[in-house]
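Notes for the one structure printed next.
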Amino acid sequence: MEVHEEYRSDGLVVLAVSNEGLEKVAPYSEAYGLPFAVGAGSGTGGALGKMVGARGIPHSYLIDPQGNLAWHGHPSALTAKKIGSVLRGATKPGENGVLAWRGEVEGAPAEALECAAEGDLAKAFKALANDESAGAVALRGQLDGHVELLTQQVESAFARRDVRRALEVLNVMADELEDHSSGAALVARLKEVRKDESLQAELDAQTALDRALELGRKRGMKKARKTLERLVDSFPGTKAADRAKKLLQQL
């Protein structure tokens, strides 16, 4: 998680894969709140290991921006110098990266496609304004559908109490799409969330869990026991408290 947090702004994307089934992987991922994609029941790790002659678990692979294998080995041997060298030339995510839409639409204005790929949807829609060519109309439809899908994903995140992530995306959407047809609804939803005491409690609980996990990483999870217990007592019913309970059961 430390590597993800330190280098994601530089363009690093972390993907974890396990050959174990979802029933084993999901509780672990949930308990530790892994902030990156995790694949369960995957044979990818084994296949990669055979290709490079790797043995042992865990094993990490570092892929450069051109798709070449730049390094592989035990995660503890991965150095900041190696990560930095591989990230040279990597595309850094912009502030609106979570809104990015990347696709091809025949005949669509190049400027609009470029803006959409950067997550600058307001500029993309502006570039399409008053353009009734077939390509522009098709791209507008794609982007409208993209906005609708993002909205659904935000609500799904709220439903599963992943409030921090949902709020981060909702904030960006409300700011970026102010002049879009969905703008008013997004702003209204943002105000509603900020007034929702239960959702705010989830945010506070998540912050408390982050502190506990950081303490656990530095000093061992047993040292974080009391912090986890206080979290459970202070934020009953929250997702973070549920995760803290699972962690306590493992200590």
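The values are calculated or read from the model by the stated rules, or taken from the named source; none is laboratory data. This is a predicted model, so every value here is computed, not measured. Here Cβ is always computed from backbone atoms with ideal geometry, including for glycine, and neighbour counts include all displayed protein chains.
Glu168 versus (1) surrounded by fewer than 18 Cβ atoms within 10 Å (Cβ to Cβ); (2) outside the structural domain of Lys123 (by TED's automatic domain parsing): which is the lone unmet condition?
Just one mismatch for Glu168, condition (2).
Across the range 124-148, which residue is nearest to Ala108 (Cα to Cα) among those that are exposed (fewer than 12 other Cβ atoms within 10 Å of the Cβ) and within 29 Å of the chain's Cα centre (by Cα)?
Filtering the range 124-148 for residues that are exposed (fewer than 12 other Cβ atoms within 10 Å of the Cβ) and within 29 Å of the chain's Cα centre (by Cα), the one nearest to Ala108 (Cα to Cα) comes out as Gly141.
With touching a helix residue (DSSP H, G or I) at 6+ places or on another chain (Cβ under 6 Å) and either touching a residue at least 40 places away in the same chain (Cβ under 8 Å) or not acidic (Asp, Glu) (or both) as the only criterion, which of Arg219, Arg243 stands out?
Numbers: Arg219 fails: touching a helix residue (DSSP H, G or I) at 6+ places or on another chain (Cβ under 6 Å).
Exactly one of Arg219, Arg243 is touching a helix residue (DSSP H, G or I) at 6+ places or on another chain (Cβ under 6 Å) and either touching a residue at least 40 places away in the same chain (Cβ under 8 Å) or not acidic (Asp, Glu) (or both), namely Arg243.
Of the conditions (1) surrounded by 14 or more Cβ atoms within 10 Å (Cβ to Cβ); (2) on the phi > 0 side of the Ramachandran plot; (3) free of Cβ contacts under 8 Å to residues at least 24 places away in the same chain, Gly53 clears all except one; give me its number.
(1)
Where in the range 81-192 are there helices (runs of 4 or more DSSP H), lying fully within it, with 2 or more residues that are within 30 Å of Tyr61 (Cβ to Cβ) and in contact (Cβ under 8 Å) with a residue 40 or more places away in the chain?
Numbers: elements: 110-118, 121-128, 134-159, 163-176.
In the range 81-192, the matching helices (runs of 4 or more DSSP H) lie at 163-176.
Hey, among the residues in the range 89-123 that are of a type in the set (D, E, K, R) and surrounded by fewer than 15 Cβ atoms within 10 Å (Cβ to Cβ), which one's nearest to Gln152 (Cα to Cα)? Outline the logic, then answer.
From the range 89-123, those of a type in the set (D, E, K, R) are 92, 95, 102, 104, 106, 111, 114, 118, 120, 123; that's our starting set.
Filter once more, so that each one left must be surrounded by fewer than 15 Cβ atoms within 10 Å (Cβ to Cβ): 92, 95, 102, 104, 106, 111, 114.
Values: Lys92: 26, Glu95: 21, Arg102: 19, Glu104: 23, Glu106: 27, Glu111: 27, Glu114: 24 Å.
That would be Arg102.
A quick yes/no check of all residues on (1) modelled with pLDDT of 90 or more; (2) closer than 30 Å to Leu203 by Cβ:
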{"site": "Pro65", "(1), (2)": "no, no"}
{"site": "Leu78", "(1), (2)": "no, no"}
{"site": "Arg88", "(1), (2)": "no, no"}
{"site": "Leu99", "(1), (2)": "yes, yes"}
{"site": "Glu114", "(1), (2)": "yes, no"}
{"site": "Lys123", "(1), (2)": "yes, no"}
{"site": "Gly135", "(1), (2)": "yes, no"}
{"site": "Val147", "(1), (2)": "yes, yes"}
{"site": "Thr151", "(1), (2)": "yes, yes"}
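Just to verify a result, which residue in the range 1-42, among those that are at pLDDT 80 or above and of a type in the set (Gly, Ala, Ser), is surrounded by the most Cβ atoms within 10 Å (Cβ to Cβ)?
Restricting to residues being at pLDDT 80 or above and of a type in the set (Gly, Ala, Ser), the top hit is Ser18.
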